[in-house]
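Trainee: Handing you a structure now.
Just so it is clear, none of the values below were taken in a lab; they were calculated from the coordinates. Note that the structure is a prediction, hence the values are computed from the model and not measured. Positions of Cβ are backbone-derived with ideal geometry, glycine not excepted, and every protein chain shown enters the neighbour counts.
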Amino acid sequence: MKTEECGSGVSRRNFMAIAGGAAGLAAMAALGVATMESESQANIRQIDVDSMTSQEHETDILVVGSGIAGLFAAVKGHDVGAKVLMVSKGRLGSSGQTPFAKGIFAFDPAKEEMSVDQFVAAVSRSALGTNNPVFTRQLAEHSLERVKELREWGFFASPLYFNAFNKPLEERNIPVIERVMITHLIKEGDRIAGAAGFSFDDGTIHTFRAKSVILCCGAGGFKPNGFPICDLTHDGTVMAYKVGAKVTGKEWNDGHSGKSDNAADCYGGWHGMFDRKPGVTGVGIRHDLGMEMNYRAYVKGGPLAMGPPGRGGDQEKISGGPSRPAEFSENKRRPGPPPGGGKGRPNGPPPGMAHGGSSVGGSSAGMSIHKAEGLVPINAECASNVPGLYAAGDALGSYMAGGIYTQIGSSLAGSAVQGAVASQAAAKYCQKVALAAIPKAKQKTIE
């Protein structure tokens, strides 16, 4: 194939090879060199900054994120009298980790063999004391109520969550702005004043004046292992840190192992779980989930052959591996029912964790250990050290289960519980403050 020469004498194809992919295309475009129709083309948009439009919004509570934490933050904040607005970079119920979660934990005191106190103590033992028992107790005390509400909204009727999430929001006329990427939290004086971001579709700059902001935008990190989720942007913690919030948790690795083949295939890596209807899980406190699986992957190296769920394979204790408390040994642990309407093996790995095939440690960007990184809470109401700034779910470093994953389904339930707790607290806070004025000069700087 004939190649054309750039001004430097380097062929277009060689220049792309040297510069690399999109960077090469961008550089060529800057040089005025067009690619041939048979080659890839860069989507390089010309943006006239001076002609960009802007839009302002005012609300009591701004909920950032449209997963299950954001859903309950919006609904419960509204129900106690606050004006609520939700903004999401994706589609309601379809962003981040929520659409991949198919089991939700519910602690029913009338059915469980252990008390709430015993549950909290057992989780603390499994977490080797790394958990915050205040948030562990919250999970047990409020999870059943959240599950009942989800059932009323039709959550368990479909593998897709949009309709169930939209039902309570539509009934309450809570506005939702989708496909807007929040890039800045705004603080005036010592308290939060709002946020700003831009539309993916038309470049409109959105400024939100808010008495309080609840971050429900998940977590995620670049770690030596971690199951990939395609649209975690890992930036909620950074925005909060930039306005003075204390953050925590970057030392905890997610327990999901990766795949040696098509490692970034987050849909295929979940082994069909994305297409299953969600189900309810009961008490099943574990210690082996994640850490031992990844330890085995690192020690063995390369693809691993997984044994039948519940025996052998990843569930087998590894000689010389991480310490496992005796009460969580293979023959003593008490599993809860699996997600998905009771189908499957209750002793097997949770959704996305190596159901056969070539499981390896070593994915890059992916999930965090649920609830073990993000904003540091200063109280049980999910508040940060910045007045008016709250977080819930995986955006809050609550250490609900410590630096470990102790129950299948506890992540989804914990996010729902914390979303409700945070918004009810934020609503009370909003009653005491007025909307802060955001100086035009600051808005211009952000733009």
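Trainee: Can you put VAL176, VAL280, VAL238, VAL84 in order, fewest other beta carbons within 10 Å first?
Mentor: VAL238, VAL176, VAL280, VAL84
Trainee: Past 23 Å, Cα to Cα, is the threshold; run LYS102/LYS167; LYS242/LYS371; LYS167/LYS246; LYS83/LYS371; LYS89/LYS371; LYS83/LYS432 against it and keep the listed order.
Mentor: Check vs 23 Å cut-off fails for LYS167/LYS246; LYS83/LYS371.
Trainee: Roughly how far apart, in whole Å, are the Cα centres of segment 387-447 and segment 71-100?
Mentor: 11 Å
Trainee: I need LYS432, LYS442, LYS76 ordered by Cβ neighbour count within 10 Å, fewest first. Can you show the working numbers first?
Mentor: Details: LYS432 8, LYS442 17, LYS76 25.
Least crowded to most crowded, the residues run LYS432, LYS442, LYS76.
Trainee: Output the peptides 411-424, 96-109, 186-199, 60-73 sorted from most to least packed, where packing is the average of other Cβ atoms within 10 Å over each peptide's residues. Let's see the in-between values first.
Mentor: On the way: 411-424: 29.1, 96-109: 23.3, 186-199: 19.6, 60-73: 31.1.
The most tightly packed comes first, giving 60-73, 411-424, 96-109, 186-199.
Trainee: Shifting gears a bit: Taking 7 Å along the Cα-to-C-beta vector as the label spot, tell me the ASP261-GLU141 distance in nanometres, rounded to one decimal.
Mentor: Once both label points are built, they end up 4.9 nm from each other.
Trainee: Quick one: GLU373, GLU113, fewest Cβ neighbours within 10 Å first, how do they rank?
Mentor: Ranked by crowding around the Cβ, least crowded first: GLU113, GLU373.
Trainee: For an R0 of 35 angstrom, estimate the FRET efficiency from the Cβ-Cβ distance between SER158 and VAL80 and round to the nearest 0.05.
Mentor: Working: r = 29 Å, r/R0 = 0.82.
That gives a FRET efficiency of 0.75.
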